[in-house]
Structures are given as C-alpha cells and as structure tokens.
1. Please verify whether Ala76 is touching a residue at least 24 places away in the same chain (Cβ under 8 Å) and over 11 Å from the mean Cα position of the chain (by Cα), treating the condition exactly as stated.
2. Give all pairs with beta carbons closer than 8 Å in which a residue from region 3-30 that is closer than 30 Å to Ala49 by Cα and surrounded by 10 or more Cβ atoms within 10 Å (Cβ to Cβ) meets a residue that is of a type in the set (Asp, Glu) and modelled with pLDDT of 90 or more; count only pairs at least 6 apart in sequence or on separate chains.
3. Residues being at pLDDT 90 or above and more than 21 Å from Gly86 (Cα to Cα): count how many of those fall in region 16-43.
4. Output the residues belonging to region 13-43 that are closer than 23 Å to Pro91 by Cβ and among the aliphatic types (A, V, I, L, M).
5. I want to confirm something. Restricting to region 70-85 and keeping residues that are of a type in the set (Gly, Ala, Ser) and not in a loop (DSSP other than H, G, I, E, B), which single residue is surrounded by the most Cβ atoms within 10 Å (Cβ to Cβ)?
6. For residues in region 44-69 being open to solvent by 50 Å² or more (accessible area, probe 1.4 Å) and at pLDDT below 95, which is farthest from Ala95 (Cα to Cα)?
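The values are calculated or read from the model by the stated rules, or taken from the named source; none is laboratory data. Predicted model, so just to flag it, every value in this text is computed and none were measured. Here the Cβ positions follow ideal geometry from the backbone for every residue, glycine too, while neighbour counts run over all protein chains shown. Surface areas here come from the heavy atoms of the whole protein model, side chains and all, with no ligands, DNA or RNA. Shrake-Rupley method; radii C 1.70, N 1.55, O 1.52, S 1.80 Å.
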Amino acid sequence: SPAERFVAETEALQALPATDFDTRYHDLRQVGWDGYIEVRGNRYSVPDAHCGQAVIIRLSLDDELTVYTPAGEAIAQHRLQAPQAGWRSVPEHHAALWQQTLAVQQRDLRVYEEVL
C-alpha cells in the first residue's frame, strides 16, 4: 500500500530546496553594435558597454525579459511587447553612445572669420 511504501522510502527523502525552481526560458543572444537584442520579433535595449557581446536572456511566464552577462549579472529588464509595438528602449542604456554621436566640435570663432 502507499502508506507502507512511504515508510520504506522516508529515509531517502531530502529537504526541499530553499528557493523555487527557475521555470524561466533561457537562451543566448548577441548584442548588436547599436545596443539592442532581438527577442520574439522585437528589439530591446541593453547597456552600451555590452555592444557586440553575448548575453543570456531569461523569459518568465508573465512576459518579463531579463538580460544577464555570462557571469550572471542582471544588466537589463523589459516587459515583452508585440512586434508591431516597436523597439523597447531605456534612455540610460545608450546615453554614452548618444553623447559620442552628437558631440559638437568646439572651435574659436576666428576660424569662421578667416573663411570670409
């Protein structure tokens, strides 16, 4: 009977783990030169320091996307969106890239007087 079997197997039972089992889907992605990864037909921003690098993504059952470095450090978190919703960006992820791109050259106004 099940009761007899339980008594026989009691010695082999172990304690439950301290944390819940991680049921999230995980995969690898390559961060593009522009600081985005593609997931399910849409693109999501990743901090610019990780451009061109491989990252690990984890997708929860409630459509939460978390991006990790290979060392396991969480670097970005997004809510998944439909592809027609467009790219999902966090401005802080690309602040340094924008400063490099939009940098204006500073020069003395005498340079313009020489041209005239």
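1. Taking the combined requirement at face value, the residue does not satisfy it.
2. Arg29/Glu38
3. Number satisfying all stated conditions: 5.
4. Val31, Ile37, Val39, listed by residue number.
5. The extreme case among them is Ala76.
6. Going through the qualifying residues, I end up with Leu61.
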